[in-house]
Amino acid sequence: MSVFIRPKTQASAVTCFTPGTAITTLTGKHPVETLRPGMRVLTRDRGFQPVIWSGRRCLEAHDLAASPDLCPVLIRKGALGSSLPERDLVVSPRHRMLTTAPEHRALTGETEALIEARALLGQPGITRVAPSRLCYVHLAFDHHEIILSENTWSESFHIGPATALTLLSDQQSQVLKAFPCPEGQTLARTCVDTAA
């Protein structure tokens, strides 16, 4: 697997949480699937921001068998150090986690970067799982944000030309209505991405 740096202005991959993931909001931690537009979520850069769009995509066994690269990554409780995440966290393979690791600082020249969950595979407590069925949940804000999921900083859904095409057609319409800017959002941080 090779590593490359994605500048903040480039399009991004589809990133999603799975149901049950606790997201920190103005009123405490709530399962991601219960969040709706207007609810305020804690962001690293802008304090509490309202959810603008939430979506869900469910995949059946045949979908996952046809595209095993869609199978999620399990990050076990404490696998990221300092007892983080607080509970097991399951995210899409291209979902990005905030990193301050020295090797990522050296690559990006910045104190913080975002790294794909699949790039963490092989580290203790981080594995790919193959469920028979799963749903992915998306949360989008006015800006690409870094939010607390299981008390660990990770990214929100990134609105961009490439990501919009991966959504179901009714979701594409919703996203285009909520985010009419064709060039999409600037990434919250430089990304350390992987090419399988």
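Hey, among Arg76, Arg40, Arg44, which residue is surrounded by fewer than 18 Cβ atoms within 10 Å (Cβ to Cβ), at pLDDT 95 or above, charged (D, E, K, R) and within 15 Å of the chain's Cα centre (by Cα)?
Being surrounded by fewer than 18 Cβ atoms within 10 Å (Cβ to Cβ), at pLDDT 95 or above, charged (D, E, K, R) and within 15 Å of the chain's Cα centre (by Cα) holds for just one of Arg76, Arg40, Arg44, which is Arg44.
Anything in region 47-73 that is buried (at least 18 other Cβ atoms within 10 Å of the Cβ) and of a type in the set (S, T, N, Q)? List them, or say none.
Gln49, Ser54
Is it true that some residue in region 153-163 is over 17 Å from the mean Cα position of the chain (by Cα), within 26 Å of Ala79 (Cα to Cα) and at pLDDT 75 or above?
Within region 153-163 (the criterion being over 17 Å from the mean Cα position of the chain (by Cα), within 26 Å of Ala79 (Cα to Cα) and at pLDDT 75 or above), the answer is no, since none of the residues qualifies.
Could you give me the residue pairs with C-beta distances under 6 Å whose first residue belongs to region 43-64 and is small (Gly, Ala, Ser), whose second residue is outside any strand (DSSP E or B) wherever it lies, and which are 6+ apart or on separate chains?
So the pair list comes out as Ser54/Leu35; Gly55/Gln171; Ala61/Ser132.
Among the residues of region 114-129, is there at least one that is hydroxyl-bearing (Ser, Thr, Tyr) and modelled with pLDDT of 90 or more?
Yes; the residues of region 114-129 include at least one that is hydroxyl-bearing (Ser, Thr, Tyr) and modelled with pLDDT of 90 or more.
For Thr43, indicate whether it is in contact with a Lys or Arg (Cβ under 7 Å, 6 or more places away or on another chain) and under 15 Å from Ile147 (Cβ atoms).
Answer is no for this residue.
Among the numbered criteria (1) farther than 18 Å from Cys16 by Cβ; (2) polar (S, T, N, Q); (3) under 17 Å from the mean Cα position of the chain (by Cα); (4) modelled with pLDDT under 95, which one does Gln49 miss?
Unmet for Gln49, out of (1) farther than 18 Å from Cys16 by Cβ; (2) polar (S, T, N, Q); (3) under 17 Å from the mean Cα position of the chain (by Cα); (4) modelled with pLDDT under 95: (4).
Of these, Leu98, Leu107, Leu84, which one is in contact (Cβ under 8 Å) with a residue 12 or more places away in the chain, within 20 Å of Val192 (Cβ to Cβ) and either among the basic types (Lys, Arg) or in a strand (DSSP E or B) (or both)?
Of the residues listed, the single one that is in contact (Cβ under 8 Å) with a residue 12 or more places away in the chain, within 20 Å of Val192 (Cβ to Cβ) and either among the basic types (Lys, Arg) or in a strand (DSSP E or B) (or both) is Leu98.
The values are calculated or read from the model by the stated rules, or taken from the named source; none is laboratory data. For clarity, every value in this text was computed on a predicted model and none was experimentally measured. Here the Cβ is made from the backbone with ideal geometry for all residues, glycine too, and neighbour counts use every protein chain on show.
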